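Visitor: Sharing a structure below in structure tokens format, with a few things to ask.
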Amino acid sequence: EGTPGINDEGTELGDESPGKQKENQEPDPTYEEKMQTDRANRFDYLLKQTELFAHFIQPAAQKTPTSPLKMKPGRPRIKKDEKQNLLSVGDYRHRRTEQEEDEELLTENSKTTNVCTRFEESPSYVKWGKLRDYQVRGLNWLISLYENGINGILADEMGLGKTLQTISLLGYMKHYRNIPGPHMVLVPKSTLHNWMNEFKRWVPTLRAVCLIGDKDQRAAFVRDVLLPGEWDVCVTSYEMLIKEKSVFKKFNWRYLVID
């Protein structure tokens with residue numbers, strides 16, 4: 001029989017009872033609940049920040065001039081009482097807090113932009129299975145980014161469904177925004193077939209095609225599949241993109257996914 005080991009602190013190992021070891025290995029339900037709440041709060045915070053910062057990146061042409069000096073053509077004449085009102089408004093704006101200004105920006109942005117879709121559960125266009133709660137929140141975040149014209153990065157750990165969330169976003173664009181494509185999914189060569197399988201499995205209504213092969217195979221694919229345009233998503237690798245860049249330049253891509 002072996003001798004109990006000694007750890008760095010000089011205490012014996014292996015003298016705990018099996019019941020005590022089992023108790024130490026059981027997860028704390030309170031801790032797990034707190035972690036889920038924290039994740040949900042972070043998602044909500046990101047959604048609010050997305051809508052707020054979208055105000056600052058709107059093209060100037062989409063913004064309504066707020067100062068008489070910016071109105072064209074010419075400068076309208078302002079009556080005396082109107083001038084006094086403008087001065088009062090200016091003084092009020094100087095006294096506002098940053099929080100009040102942020103709230104006003106959010107209110108103005110919500111009036112000028114379309115209402116973003118928010119899913120409470122897995123969308124009906126997702127087949128074969130359902131999105132988990134955190135994946136639904138991730139999809140809502142991606143939708144919010146798209147609606148506000150902002151790029152984003154899914155930085156979840158491996159195995160948490162980044163591919164599924166991305167495919168679900170493209171499905172949302174087709175079924176809720178009537179934008180079937182064309183979309184490009186740019187991935188490493190080793191993951192091409194996996195992406196194609198995921199499209200067929202989760203959102204089969206998205207017509208995904210894959211560009212791969214030698215020069216003759218690519219030429220036939222471009223002639224028979226790509227140029228006719230009877231597809232929604234083109235999945236290809238970095239090498240194929242470089243070799244066929246002249247072909248890809250002919251398309252007005254609506255969304256680009258980089259893995």
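Visitor: Say we look at the range 183-220 and pick out the residues that are in contact with a strand residue (DSSP E or B) (Cβ under 6 Å, 6 or more places away or on another chain) and not aliphatic (A, V, I, L, M); which of these is surrounded by the fewest Cβ atoms within 10 Å (Cβ to Cβ)?
Guide: 189
Visitor: Separate question: Pull up the range 220-245, narrow it to residues that are modelled with pLDDT of 95 or more and of a type in the set (Gly, Ala, Ser), then point me to the one that is nearest to residue 172 (Cα to Cα).
Guide: Filtering the range 220-245 for residues that are modelled with pLDDT of 95 or more and of a type in the set (Gly, Ala, Ser), the one nearest to residue 172 (Cα to Cα) comes out as 237.
Visitor: Please list, ordered by residue number, the helices (runs of 4 or more DSSP H) wholly in the range 168-255 having 1 or more residues that are more than 20 Å from the chain's Cα centre (by Cα) and in contact (Cβ under 8 Å) with a residue 40 or more places away in the chain.
Guide: Numbers: elements: 192-202, 215-221, 238-243, 245-248.
Output list reads 192-202, 238-243, 245-248.
Visitor: Do you know which residues across the range 144-167 are of a type in the set (A, V, I, L, M, F, W, C) and under 10 Å from the mean Cα position of the chain (by Cα)?
Guide: Narrowing the range 144-167 to residues of a type in the set (A, V, I, L, M, F, W, C): 145, 150, 153-155, 158, 160, 164, 167.
Within the range 144-167, 145, 150, 153, 154 meet the criteria.
Visitor: Let me ask another. Would it be correct to say that residue 170 is within 21 Å of residue 236 (Cβ to Cβ) and in contact with a Leu (Cβ under 9 Å, 6 or more places away or on another chain)? Give the steps one after another, and end with the answer.
Guide: Values: within 21 Å of residue 236 (Cβ to Cβ): yes; in contact with a Leu (Cβ under 9 Å, 6 or more places away or on another chain): yes.
Here the answer is yes, as residue 170 does meet what is asked.
Visitor: When both residues are 6+ apart or on different chains and their Cβ atoms are under 8 Å apart, which pairs have a first residue that lies in the range 138-164 and is in contact (Cβ under 8 Å) with a residue 40 or more places away in the chain and over 18 Å from residue 36 (Cα atoms), and a second that is surrounded by 12 or more Cβ atoms within 10 Å (Cβ to Cβ) and of a type in the set (A, V, I, L, M)?
Guide: 144/47; 146/169; 146/173; 148/54; 149/54; 150/54
Visitor: In the range 146-160, what count of residues is obtained for those that are of a type in the set (A, V, I, L, M) and closer than 19 Å to residue 174 by Cα? Reasoning before the result, please.
Guide: Narrowing the range 146-160 to residues of a type in the set (A, V, I, L, M): 150, 153-155, 158, 160.
Subset that is closer than 19 Å to residue 174 by Cα: 150.
Number of matching residues: 1.
The values are calculated or read from the model by the stated rules, or taken from the named source; none is laboratory data. Since the structure is predicted, the reported quantities are computational estimates derived from the model, not experimental observations. Neighbour counts run over all protein chains shown; Cβ positions are idealised from the backbone, glycine included.
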